[in-house]
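Below you'll find the structure, written out as structure tokens, and then a few comments.
A short reminder: the numbers here are calculations on the coordinates, not readings from a lab. The structure displayed is predicted, hence computed values, not measured ones. Neighbour counts run over all protein chains shown; Cβ positions are idealised from the backbone, glycine included.
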Amino acid sequence: MHKLLPKLTREQLFEIAQILSVAGPNECQYWTLEINKWMYDYNMSSKFLSESFYHHVREQLVQLLSSKNTYIRVNCRNFSCNP
């Protein structure tokens, strides 16, 4: 995942972000969280910040804060709390 994502264009990343789902089995939520964390960091470090991309990824991270899975919830909260 960490080798593939940097090779994609911003448009391709946004397309992936739109099909990720926070609902679903724990394994899917885990990968959704990891991909969204990477995309959030990528978007924040990019010179060309995309507002719609940023808001979409941020909204998915907020939704993951209410996951029934404790690991997902804590990991997402810790990511959100890091400056």
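Fewest to most neighbouring Cβ within 10 Å: what's the order for His56, His2?
In increasing order of surrounding Cβ atoms, one gets His2, His56.
If the label point is 7 Å along Cα→Cβ of Trp31, which residues in segment 45-82 have backbone nitrogen under 17 Å from it?
Within reach of a label on Trp31, which here means backbone N under 17 Å from a point 7 Å along Cα→Cβ, segment 45-82 contributes 72.
Considering only the other residues whose Cβ falls under 12 Å of the Cβ of Ser67, what net charge follows from Lys and Arg at +1 and Asp and Glu at -1?
That sum, taken over residues with Cβ under 12 Å, equals +3.
What whole-number volume per residue, in cubic angstrom, does the convex hull of the C-alpha atoms of segment 1-53 give?
75
Quick check: the distance between the Cα centres of segment 1-26 and segment 32-53, to the nearest angstrom?
Each part reduced to its Cα centre gives a spacing of 10 Å.
May I have the convex hull volume per residue, in Å³, for the Cα set of segment 15-83?
So the per-residue Cα hull volume is 75 Å³.
How far apart, in nm, are the 7 Å Cα→Cβ label points at Ala23 and Leu4?
Placing both labels 7 Å beyond Cα along the Cβ direction yields 2.4 nm.
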